[in-house]
Amino acid sequence: MTTVAHAPTKAHHEPMSFWRKYIFSTDHKIIGIQFLFVSLFFLLVGGLLAMQIRWQLGFPGKPMPGGGLLPETMIVNGVILPEYYVQLVSMHGTFMVFFAIMPLLVGVYANFLIPLKIGAHDMAFPRINMASFWLAFLAGLIMFASFFVPNGPIRSGWTNYAPLAARPDLSGVTVGQMLWCVSIVVLGLSSVLGSLNYITTVINHRAPGMTWFRMPLSVWALFITAILGVLALPVLQGAAIMLLFDNVLGTHFFDPVAGGQALLWQHLFWFFGHPEVYILILPAMGMVSDIIANGSRKPIFGYHSMVFAIIGIAFLGWLVWGHHMFMSGMNPTLGSTFMVSTLLIAVPSAIKVFNWLGTMWRGNLRFHVPMLNAVGFVSMFTIGGLSGIFMAATPVDIPLHDTQFIVAHIHYVLFGGSLFALFAAMTYWYPKMFGRVMNEPLGKVHFWLTFIFYNMTFFPMHIIGMGGQMRRIYDPTIYDFLKPQQPLNVFISLSAFALFAVQILFAINFLWSLKFGKKAPQNPWDDNGLEWSLPNPAPHGNWERTPNVYRGPYEFSSPEAGSADFLPQNLKLPTDRDPVPATLPAGH
Amino acid sequence: MTQATQTVDVMRPPFPAEPGAGVYSNKLGMWVFLASDVMFFTALIGSYIVLRFGVTEPWAKPGAVLNVPLTAVNTFLLICSSVSMVKAYAAIADGKKYFLRAVPGKLLRDGGLKFWLLVTMICGAAFVGVQLVEYIKLVGHGFTPSGFREGSLLAEHAAADPVKYGAAAAGMYGSTFFTMTGFHGFHVTCGVISMTYLYFTKVLPEKYSPQDYRGIEVIGLYWHFVDLVWIILFTIVYLI
């Protein structure tokens, strides 16, 4: 983060010590960067866990290279033990969902973009923002610590289904389960504090002229995501607390033997879990909308319908949690209800996809690295969305549930969707964060190799899933009917190793450009957003004077723009009038 | 900028680009936090409802295990603290920063912010204290989060009259009772700690004025919410 030190210091901000500026910072941009580094670390951890899973599935019973580094309780003679395999699967999911994708999207980009894009000087509550980051960091440490306790981390999957998770005598995990619950409670608090900050900031701190329908779609998406976060995370907290008490205090919430209900856990978890799915994709959609409009040099197609589609997805997201539970023994009538509500979500999702296509249609396309990744997002999200329709239909879900088909679907929306959007966003706002641009040719090589190996890894999972391979199976070769698929498993594993190796290119590009990247011009992507009216990186406090906003964020190729093909939101044309701050009635 | 306009501004949104929520950020943030807290208690109370209607065996009769009269007094205490919170809010809105002041021609003296907030804090702390005493007594009788303790007084009663004491559902009863009331007590404790902090850093140094009493209004919102949750909990856990 040394390049940040080049930030021009404003006279009205006193110089701060290193600790105050970069560690206990209240500046939303620094907090976003802190989130970025921490969650990239957890992304790496999750990726390493995935590599071990793929080794076991591709080459069951063979000694894993480097397996000798791990203790005997996890790996014996290089071979992954079944107990450790279940822990790998559980912790891969936990780290990727809670400590990589969610903080990357919400922690990094909500923090970094919201004030910059709406013309605010900082978040509404900078100190609460700092608390939010440090709580998330603490939660990550607690979760990471569970690898080093007796019996290791959880063995019940990232969903922690009861009664397995609720009864240490069944799962064989004691401390690890408690650490999972405590970590999730702390993380939930962090998310709530972060989200209430984002909501308040968007409502109260928009610059004059930044009306609701002049907000960039990224801000809309992050705002709606924050509402989901503020309402969904407390439910998970409540559930995790009950699970913790089942493990520690001897309560019986989820233990059917003593009158509790195992299904109650599933209802609570997925009541949180399905809004969580949209927490993991809506910010990606928002940022991709900004990038696609920029790369197409055209206004976004159907801006209002995009906004209402975000709201529609978020609303419907509350009504569909039961589609995770078709096979759980829930009332089948409820299953039909959840099927209908789930299929309804296809409507706003399709509106968004067609609007992205409509934006690109006959646009003056610029395929820079963010644009490539954004288009990758749209295509992969479409595949993931279509496989989602398979599972939403109860009759189709019955044979498909708990197979590798589900694994393929979640990775098409979370890796193909969210992570491609994140590659796009990281490249796109890198100049704003660090004052330099990432290497373009290396970025393109990274995108194409990732795109190819990603599809080689995850597409065949649909096929072996339909062939019946179970989602969390330890050794696919133990069943005769799965044996013919084993060559495909080897293929997937080799592709996955290549996919992981390709990410080294991104890491190199990211780290190398911090110090040696080309200096970024003030507006490297010819964009309209307010953030590009500031120097790169932006100083603490952002603007010296709050900017005025004269138009929406997507005025590309406007005839009013003259020779340029973009028209920044804060640029005053002779025909523009200054926004009048609304007068409030007396009192409050 | 004069003192007056500067202080009026803080009670309003910072950049009124267009009428957003129309309230200042601290208040808006507290409302959003309360929305999330509603969801937290919904998870606990919803689970209680599902579990209670899920058990086939009879649930303990009201008052068989829990001390309803004592808790009724405690409920009254908490409601009183909500009243005194409103009095504190009204006092500072009228500019009464003092503790007590004699009013000519009246027997009772007039309370200011310092008095009413202190009353609220004492009522809140007393509520937590009574609840702690109740917990200790219940555990002493043999009522624990995992049910009736083997060999305890309560377990003997329950064996003699399993319907009245809901012997078969005791595990669920203990689980839900201690979790719900415990987290409510935790919320009250947090409120009392926050008010104590405000009392020494803002109220005693007289930092609040009729133009800016944001802290009092925001903690007041939280306090009334916690009070409301208790009324729901008292009804569904103790009375029915």
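Phi angles across the range B:211-216 convert, under the Karplus curve 6.51 cos²θ - 1.76 cosθ + 1.60 with θ = phi - 60°, into 3J(HN,Hα) values of 8, 8, 10, 4, x, 5 Hz, Gly and Pro given as x.
Is there a simple number for the mean count of other chain Cβ atoms within 10 Å of the Cβ of residues in A:230-238, and what is it?
Values: counts 6, 7, 2, 3, 11, 7, 3, 5, 11.
So the per-residue partner count for this stretch is 6.
If you line up the long axis of helix B:113-141 against the longest principal axis of chain B, both from Cα atoms, how many degrees apart are they, to the nearest 10? Tilt relative to chain B: about 10 degrees.
Using just the helices of chain A, give the 222 nm mean residue ellipticity in deg cm²/dmol: DSSP H runs with n ≥ 4 each add -39,500 (n - 2.57), and the total is spread over all residues, rounded to 500. Each step should come with its number before you reach the end.
Values: 17 runs with 328 residues, N = 588.
Taking each H run of at least 4 residues, the total per residue is -19000 deg cm²/dmol.
What number does chain A give for Rg over Rh if you use C-alpha atoms and the Kirkwood radius?
Working: Rg = 24.0 Å, Rh = 24.8 Å.
Ratio of gyration radius to Kirkwood radius: 0.97.
How many Lys pairs in the range B:21-239 lie less than 30 angstrom apart by Cα atoms, where the lysines are 8 or more positions apart or on different chains? For the range B:21-239, qualifying lysine pairs total 28. Here is what passes the span test in chain A: the DSSP H helices with alpha carbon length of 15 Å or more along the helix axis and a Kyte-Doolittle mean of 0.5 or above are A:28-58, A:126-145, A:175-204, A:217-248, A:262-279, A:282-296, A:303-316, A:332-360, A:369-392, A:420-434, A:440-466, A:486-516. Within the same chain, lysines fewer than 8 places from A:LYS483 are excluded, and of the rest, those with a Cα less than 30 Å from its Cα are A:LYS62.
Once backbone amide H atoms are built at 1.01 Å from N, B:THR144 has B:ARG149 as its partners under 5 Å, excluding neighbours fewer than 5 places away on the same chain.
Computed packing ranks the peptides B:29-36, A:236-243 as A:236-243, B:29-36, most packed first, by mean other Cβ atoms within 10 Å.
I'd like the trypsin sites (Lys or Arg not before Pro) in the range B:180-228 restricted to DSSP loop residues with at most 16 other Cβ atoms within 10 Å, sorted by number.
On the way: sites: B:LYS202, B:LYS207, B:ARG214; in loops: B:LYS207.
Those that pass, being in a loop and sparsely packed, are B:LYS207.
Per-residue ellipticity at 222 nm, computed for chain B from helices alone with -39500 (n - 2.57) per DSSP H run of at least four residues, works out to -22000 deg cm²/dmol. Derived from the Cα gyration tensor, the three semi-axes of the equivalent ellipsoid of the range B:21-239 are 40, 20, 13 Å, largest first.
The H on the amide N of A:THR403, modeled in the peptide plane, is under 5 Å from the matching H of A:ARG471, each at least 5 residues off or on a different chain.
In degrees, nearest 10, range 0 to 90: what is the angle between the Cα axis of helix B:68-93 and the longest Cα principal axis of chain B? It is inclined by approximately 10 degrees. Rounded to the nearest 20 debye, the dipole magnitude of chain A is 1120 debye, with +1 charges on Lys and Arg beta carbons, -1 on Asp and Glu beta carbons, and the Cα centre as origin.
At a 10 angstrom cut-off on C-beta neighbours, averaged per residue, how do the peptides B:190-200, B:142-152 rank from highest to lowest? The partial results should precede the final answer.
Details: B:190-200: 16.8, B:142-152: 18.5.
Averaged packing, sorted descending, gives the order B:142-152, B:190-200.
Show me the chymotrypsin sites (Phe, Trp or Tyr not before Pro) within the range A:298-375 that DSSP assigns to loop and that have at most 15 other Cβ atoms within 10 Å of their Cβ. It would help to have the intermediate numbers written out before the result.
Working: sites: A:PHE301, A:TYR303, A:PHE308, A:PHE315, A:TRP318, A:TRP321, A:PHE326, A:PHE338, A:PHE354, A:TRP356, A:TRP361, A:PHE367; in loops: A:PHE301, A:PHE326, A:TRP361, A:PHE367.
Listed in order of number, the matching sites are A:TRP361, A:PHE367.
Taking amide H atoms as placed 1.01 Å from N in the peptide plane, the amide H of A:VAL79 lies under 5 Å from those of A:MET64, each 5 or more residues away in sequence or on another chain.
Ranking A:VAL108, A:LEU280, A:HIS92 by how far each Cα lies toward the positive end of the dipole of the range A:27-561 (charges on Cβ) leaves A:VAL108 at the top. Applied to the range B:50-62, the Karplus parametrisation 6.51 cos²θ - 1.76 cosθ + 1.60 on θ = phi - 60° returns per-residue 3J(HN,Hα) values of 4, 5, 5, 7, x, 6, 8, 6, x, 7, 4, 5, x Hz, with x for Gly and Pro.
Give the average, rounded to an integer, of partner chain Cβ atoms located within 10 angstrom of each Cβ in B:41-49. Mean number of neighbouring Cβ atoms from other chains: 5. For the peptide A:247-257, the mean number of other protein chain Cβ atoms found within 10 angstrom of a residue's Cβ is 5.
Per-residue 3J(HN,Hα) values for the range B:197-204, derived from phi via the Karplus relation 6.51 cos²θ - 1.76 cosθ + 1.60 with θ = phi - 60°, read 4, 4, 4, 7, 8, 10, 6, 5 Hz in sequence order (x marks Gly and Pro).
Using a 10 Å cut-off on Cβ atoms, rank the peptides B:51-63, A:127-139, B:156-168 from the highest mean neighbour count down.
Working: B:51-63: 15.2, A:127-139: 20.0, B:156-168: 16.8.
Taking the mean over residues of other Cβ atoms within 10 Å, the ranking is A:127-139, B:156-168, B:51-63.
Taking 27 Å as the straight-line reach from the Cα of A:LYS515, the lysines in range (excluding those fewer than 8 positions away in the same chain) are A:LYS10, A:LYS21, A:LYS29, A:LYS117, A:LYS432, A:LYS444.
Net charge within 14 Å of B:LYS114 by Cβ-Cβ distance, Lys/Arg positive one each and Asp/Glu negative one each, not counting B:LYS114 itself? Walk me through the numbers before you get to the answer.
Values: positive: B:LYS87, B:LYS96, B:LYS97, B:ARG101, B:ARG109, B:LYS202, B:LYS207; negative: B:ASP94, B:ASP110, B:GLU206.
Neighbour charge sum, excluding B:LYS114 itself: +4.
For the range A:415-484 and the range A:268-330, write down the distance between their C-alpha centroids in whole Å. Cα centres, the range A:415-484 to the range A:268-330: 20 Å.
For the range B:21-239, the dipole from Cβ point charges (+1 on Lys and Arg, -1 on Asp and Glu) about the Cα centre works out to 740 debye, to the nearest 20.
No value in this document is a laboratory result; all are computed from the given coordinates. Since we're looking at a predicted model, the values are computed, not measured. All Cβ positions, even for glycine, are placed from backbone atoms using ideal geometry, and neighbour counts span all protein chains on display.
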